[in-house]
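Taking it in order: structure first as structure tokens, then the write-up.
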Amino acid sequence: MTLFFSNFAFSNMPFVNDILKHRSLSIVGLEKNTGKTVCLNYILHRLNELGVSVGVTSIGVDGEQVDAVFATAKPEIVLYEGTRFITSEQHYMKRQVVSVLEHVDSRRTSLGPLVTARVLVPGKVLLSGAATTAALREQMQMLDSMGCNISIVDGALSRLSLASPTVTEAMILATGAAVSANVKQLIAKTRFQYNLICLDEVAPSLRDNLSTIESGIWALDDENQAHDLGIASVFLIDRSEGDILRFGKRLFVAGAVSDRLLKTLSAKGGGITLIARDFTKLFLTPETYNAYVRAGNRLMVLQRSKLIAITLNPTSPQGFLLDSKSTCAALSDALQTPVYDVKKIEQ
């Protein structure tokens with residue numbers, strides 16, 4: 001996609017220019033109630049102003065009026081004329097837009113088949129999309145074939161998997177008081193996730209060599225040849241026979257990477273490089289990760305997700321309110337990257 005707009009058009013639209021460089025975008029949160037829907041509405045509003053053709057869907061359910069956990073009011077998703085959206089049959093029947101139905105998926109969900117429609121008159125919708133990332137990829141391909149310049153996925157229930165570079169080209173990370181009402185803890189938790197998102201990539205030639213491996217733990221020798229260690233999962237690492245470092249100190253894990261694996265490797269000393277598929281495969285605590293790094297080891301990924309922006313929701317579901325300006329500044333300083341409260345952008 002190549003879209004050109006004047007510099008003036010972006011004077012009050014932080015990070016929108018970066019969004020337009022990509023065909024797909026995911027919005028994910030560190031927790032529920034971190035402002036994903038507010039961020040989505042901001043982006044949809046801005047892209048509509050620019051005349052960009054947008055497709056939107058979700059993993060899970062988004063756009064409900066009341067939070068299912070905290071029973072607090074939530075912002076609804078607002079769609080504009082020409083926007084295509086994918087949702088379940090049940091939620092499509094509850095739409096507050098005038099739309100034309102364009103496709104009905106043959107596969108059923110608990111809320112009926114997924115339907116694709118185009119908005120004729122703007123309004124509000126509930127989104128409930130694909131249950132798996134594989135189905136989500138298919139739906140984004142369909143939206144692309146329908147002429148959408150960009151597909152946006154709203155990540156319900158804090159699911160980071162849709163931010164994998166194998167699913168969407170770019171991502172926005174939402175954080176806020178729901179993560180912690182203590183600014184120091186909020187910074188620490190957000191910085192840890194940010195550091196995992198920004199892990200270094202391996203060389204393209206090595207990525208091509210490893211990307212076809214679908215399961216297990218593999219070792220890399222000095223010639224970049226991969227050797228199957230016969231360990232189907234990191235949870236079976238304690239039962240492995242022989243030295244897992246016999247081929248060298250570089251390992252690739254095709255599936256999930258847990259604390260157990262990092263603790264096992266830390267006990268073997270330094271100089272180890274562990275390669276994961278991407279940051280969404282990492283299920284680590286800061287304590288274990290930091291101990292692994294302090295031991296002189298390294299964590300890398302086959303492919304790094306493109307982080308477009310970090311947004312802040314200063315209000316917790318319990319009603320506690322952080323100071324938006326100072327918290328954004330503190331996070332920006334700690335992460336060395338801009339952090340936005342999208343509600344404050346136009347004020």
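Quick note: the coordinates plus some simple rules give every number you see, no bench work behind them. Since the structure is predicted, the reported quantities are computational estimates derived from the model, not experimental observations. Heads up, the Cβs are rebuilt from the backbone with ideal geometry, glycines too, and the neighbour counts pull from every protein chain shown.
Couplings 3J(HN,Hα) for region 211-227, derived from phi with the Karplus relation 6.51 cos²θ - 1.76 cosθ + 1.60 (θ = phi - 60°), are 5, 7, 6, 9, 7, x, 10, 10, 10, 10, 8, 5, 9, 6, 7, 8, 10 Hz, where x marks Gly and Pro. Net length available on complete extension from THR212 to VAL100 is 36.3 nm, with 0.36 nm assigned per residue and the Cα-Cα distance removed. Taking amide H as placed 1.01 Å from N in the peptide plane, the amide H of SER26 sits under 5 Å from that of VAL153, ALA170, MET171, ILE172, each at least 5 places away or on another chain.
Residue ranges 117-126, 38-47 sort as 38-47, 117-126 when ordered by packing (mean number of other C-beta atoms within 10 Å per residue, highest first). For region 165-234 versus region 313-347, the spacing of their alpha-carbon centroids is 26 Å. Modelled spin-label separation between THR166 and THR337, with each label point placed 7 Å from Cα along the Cα-to-Cβ direction: 2.2 nm. Rounded to the nearest whole angstrom, the semi-axes of the ellipsoid equivalent to region 204-301, taken from the Cα gyration tensor as √(5λ), stand at 19, 15, 14, largest first.
Per-residue 3J(HN,Hα) values for region 197-210, derived from phi via the Karplus relation 6.51 cos²θ - 1.76 cosθ + 1.60 with θ = phi - 60°, read 4, 9, 4, 5, 8, 6, 5, x, 5, 6, 4, 4, 5, 9 Hz in sequence order (x marks Gly and Pro). From helices alone, the chain scores -7000 deg cm²/dmol at 222 nm; the rule is -39500 (n - 2.57) for each run of n ≥ 4 DSSP H residues, then divide by the residue total. Backbone geometry of region 107-117 corresponds, through the Karplus equation with coefficients 6.51, -1.76 and 1.60 at θ = phi - 60°, to 3J(HN,Hα) couplings of 7, 9, 10, 5, 10, x, x, 7, 10, 10, 9 Hz, x marking Gly and Pro.
With each label modelled as a point 7 angstrom along the Cα→C-beta vector, the THR109-ASN182 pair spans 3.7 nm.
From Cα pairs below 8 angstrom and at least 6 apart in sequence, can you work out the relative contact order of the chain, rounded to a whole percent?
19
Relative to the dominant Cα principal axis of the chain, helix 324-335 is inclined by about 30°. Compactness ratio for the chain: Cα radius of gyration over 2.2 N^0.38 Å (N = residue count) comes to 1.05. Potential lengthening of the chain between ASP259 and LEU245 amounts to 3.2 nm, from the contour at 0.36 nm per residue minus the alpha-carbon distance.
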